[in-house]
Amino acid sequence: AQQMGTPLSNQEYRQFFRSLRAAHRASTACLLRELYGCQNPLVRRLDKYENHGAIPEGPICSELPGTPFFPDFCTFSFYRCTRKRYFIKV
């Protein structure tokens with residue numbers, strides 16, 4: 001079992017986004033995030049699912065060269081959405 005708040009494995013990410021692909025891929029989740037913000041219950045549920053049941057507190061480290069951290073998970077998620085880099089992990 002994974003520790004709460006840790007990112008999903010590569011296989012878990014594929015499974016996570018497989019269900020989103022059926023509904024216009026991960027961009028649908030990004031649209032929800034953009035329209036309703038990170039405090040929306042559905043967005044929070046997706047964030048918790050993505051992180052084994054807990055939304056990480058900031059700062060969030062990333063795999064991005066030149067962008068090593070974000071102040072919180074919400075900012076990190078918005079970054080992924082705006083750049084269409086859905087599979088970037090923390």
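The values are calculated or read from the model by the stated rules, or taken from the named source; none is laboratory data. Since the model is a prediction, treat every value here as computed from it, not as a measurement. Quick note on the areas: whole protein, heavy atoms, side chains included, nothing else; ligands and nucleic acids left out. Shrake-Rupley method; radii C 1.70, N 1.55, O 1.52, S 1.80 Å.
State the Kirkwood hydrodynamic radius of the chain in Å, one decimal place, computed from all pairs of distinct Cα atoms.
Numbers: mean 1/r = 0.0761 Å⁻¹.
Across the chain, the inverse of the average 1/r is 13.1 Å.
Tell me the carbon and sulfur percent of the accessible area for the stretch 35-90, rounded to whole percent, probe radius 1.4 Å.
Details: 2020 of 3430 Å².
The value for the stretch 35-90 is 59 percent carbon and sulfur by accessible area.
Per residue, how many Å² of accessible area does the stretch 10-83 show with a 1.4 Å probe? Working shown, then result.
Details: 4700 Å² over 74 residues.
Spelled out: the 1.4 Å probe surface of the stretch 10-83, per residue, equals 64 Å².
Can you tell me, using C-alpha contacts under 8 Å and at least 6 residues apart, the relative contact order of the chain as a whole percent?
On the way: 93 pairs, mean separation 27.0, N = 90.
RCO, the chain: 30 percent.
Using helices alone, I'd like the mean residue ellipticity at 222 nm for the chain: each DSSP H run of four-plus residues gives -39500 (n - 2.57), total over residue count, nearest 500.
On the way: 4 runs with 43 residues, N = 90.
Calculated from helices alone, the mean residue ellipticity at 222 nm is -14500 deg cm²/dmol.
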